[in-house]
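**Q** Here's a structure for you.
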Amino acid sequence: MNLQTRLLMGLSAVFMGAFGLVASFIPDRVLVTFGVPPVTVLLIVVQIAGALYLAFAMLNWMARGVLLGGIYSRPLALANFLHFAVVAVTLFKAMPALNMISVVAVTLAYAVFAAWFALVLFTHPVRKNNNGARP
């Protein structure tokens, strides 16, 4: 098993899980942070997004031991890559309007995860045998 992909899956699970918990349990604070009035329909949308983040986090956490890369677990790697890449681009485009340093930090984190999942998605995994040597 590749330690790098195990670390990637674990870190992405924690990252998305944190967002999911916040969005699920305090959606009003999320909206107020961005200067949006907490109307009912927006609270529901933020909570639904939080549920999606929690589900994705659980998927990544449960699959952190799976061989990932190349043709192995390609749907899992592709879904993660698309999620992180699309959110990174969206946040990058929104940075001038939001004008918040936290948005820059989150955008950078999404870009790093997108690049890391791209690397895993488009390269073949290296499997090590029991004594740690490559076959």
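**Q** Would you be able to say whether some residue in segment 21-40 is touching an Asp or Glu at 6+ places or on another chain (Cβ under 6 Å) and free of Cβ contacts under 8 Å to residues at least 24 places away in the same chain?
**A** yes
**Q** Still on this structure, I have one more. Any idea how many residues of segment 42-89 are outside any helix (DSSP H, G or I) and either of a type in the set (K, R) or within 24 Å of P27 (Cβ to Cβ) (or both)?
**A** Within segment 42-89, residues that are outside any helix (DSSP H, G or I) and either of a type in the set (K, R) or within 24 Å of P27 (Cβ to Cβ) (or both) number 1.
**Q** Modelled with pLDDT of 95 or more and either surrounded by 14 or more Cβ atoms within 10 Å (Cβ to Cβ) or farther than 20 Å from A94 by Cα (or both): is that true of M16 in this structure?
**A** Taking the combined requirement at face value, the residue satisfies it.
**Q** I need the full set of residues from segment 78-118 which are among the hydroxyl-bearing types (S, T, Y) and either surrounded by 15 or more Cβ atoms within 10 Å (Cβ to Cβ) or under 13 Å from S12 (Cβ atoms) (or both), in order please.
**A** T107, Y110
**Q** Does any residue of segment 30-39 turn out to be touching a helix residue (DSSP H, G or I) at 6+ places or on another chain (Cβ under 9 Å), surrounded by 15 or more Cβ atoms within 10 Å (Cβ to Cβ) and modelled with pLDDT of 95 or more?
**A** No; the residues of segment 30-39 include none that is touching a helix residue (DSSP H, G or I) at 6+ places or on another chain (Cβ under 9 Å), surrounded by 15 or more Cβ atoms within 10 Å (Cβ to Cβ) and modelled with pLDDT of 95 or more.
The values are calculated or read from the model by the stated rules, or taken from the named source; none is laboratory data. Owing to the predicted nature of the structure, the values given are computational and were not obtained by experimental measurement. We place every Cβ from the backbone using ideal geometry, glycine too, and count neighbours over all the protein chains shown.
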